[in-house]
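For reference, the structure discussed in these notes is given below.
The values are calculated or read from the model by the stated rules, or taken from the named source; none is laboratory data. Keep in mind that what you see is a predicted model, and the values were worked out from it rather than measured. No Cβ is skipped: glycine too gets one built from the backbone with ideal geometry, and neighbour counts run over all protein chains shown.
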Amino acid sequence: MVRLCIFDLDGTLADTLRSIAGFANEALRRCGWEPVEPVEEYRFLVGNGADRLMRRMLDRQARAYTEDDVRRLRTVYDALYAADPLHDVKQYPDLLAVLRKLRAAGLSLAVLSNKPDRDTRSVVSSLFPPELFDLCFGQREGVPVKPAPDGALRIAQTLGVSPDECLYIGDSGVDMETGKAAGMTAVGVLWGFRGKEELLEHGAVHLIETPAELLPLALEGRA
């Protein structure tokens, strides 16, 4: 029986693609490089944390770059993001109602993101009621980013739940690998940044097209 649902943030709980792309392209401009266009290209750049995002952007836009370039770009990006973390961020339709039903049924809910912890908490607290999630973890010093299972396992342990009683829900191959590595059931959402093929290739046990389809998976076996 499922007792805990852990959710990715970007592309799963929140539509942040235009937000990330806007800050990233402005950081590129301020640091002397051309923006990545079209914005949809960022679907394939995000997912492994901000440091990897900076390198992927520079791989596309710079003929050559140094570690100082990566740090400078990250510093500008972080400052832009911190100044307005909700810019162009939207909640996916019908998701809040589903989360409330899961909570009412007695499930624990948590968020695990590769976005920096401060920004993760800011977005979640602004989009969702404070009582909805038991824990909210972003990228933290000393905790490996996804697809390492450390963050997911720490959440489960803190809430006293066995990994086999958890669903890990996300929109990318990184998320599916995270769930699989943690011994959790990986659920891929098709409303996010990546596609069906990537999710299946990286270990999705279930695929859902709408938030409502999560309910029978999470509530199976409950009265």
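A few points about this structure:
- Condition met for Thr120 (under 26 Å from Ala82 (Cα atoms), outside the structural domain of Arg52 (by TED's automatic domain parsing) and surrounded by 17 or more Cβ atoms within 10 Å (Cβ to Cβ)): yes
- In segment 200-216, the residues that are in the same structural domain as Leu190 (by TED's automatic domain parsing) form Cβ pairs under 8 Å with partners that are among the aromatic types (Phe, Trp, Tyr), at six or more places apart or across chains, as follows: Glu209/Trp191; Thr210/Trp191; Pro211/Tyr92; Pro211/Trp191.
- On the stretch given as segment 1-40, residues that are more than 24 Å from Ala83 (Cβ to Cβ) and modelled with pLDDT under 95 total 3.
- In a residue-by-residue description of segment 149-159, the property of being part of a loop (DSSP other than H, G, I, E, B) and at pLDDT below 95 applies to no position.
- Failed condition for Gly183, given (1) part of a loop (DSSP other than H, G, I, E, B); (2) crowded, with 22+ Cβ neighbours inside 10 Å: (2)
- Restricted to segment 9-26, and to residues there that are under 17 Å from Thr75 (Cα atoms) and not small (Gly, Ala, Ser), the residue that is surrounded by the fewest Cβ atoms within 10 Å (Cβ to Cβ) is Glu26.
- Qualifying residues in segment 92-133 (those that are assigned to a loop (DSSP other than H, G, I, E, B) and of a type in the set (D, E, K, R)) - the one nearest to Arg154 (Cα to Cα): Glu131
- Within segment 73-91, being in a loop (DSSP other than H, G, I, E, B) and in contact (Cβ under 8 Å) with a residue 12 or more places away in the chain holds for Pro85, Leu86, His87, Asp88, Val89.
- With respect to the conditions (1) modelled with pLDDT of 95 or more; (2) under 20 Å from Thr120 (Cα atoms), Ala105 falls short on a single one, namely (2).
- The residue of segment 41-68 that is modelled with the lowest pLDDT, among those that are within 18 Å of Ser172 (Cβ to Cβ) and of a type in the set (Asp, Glu), is Asp51.
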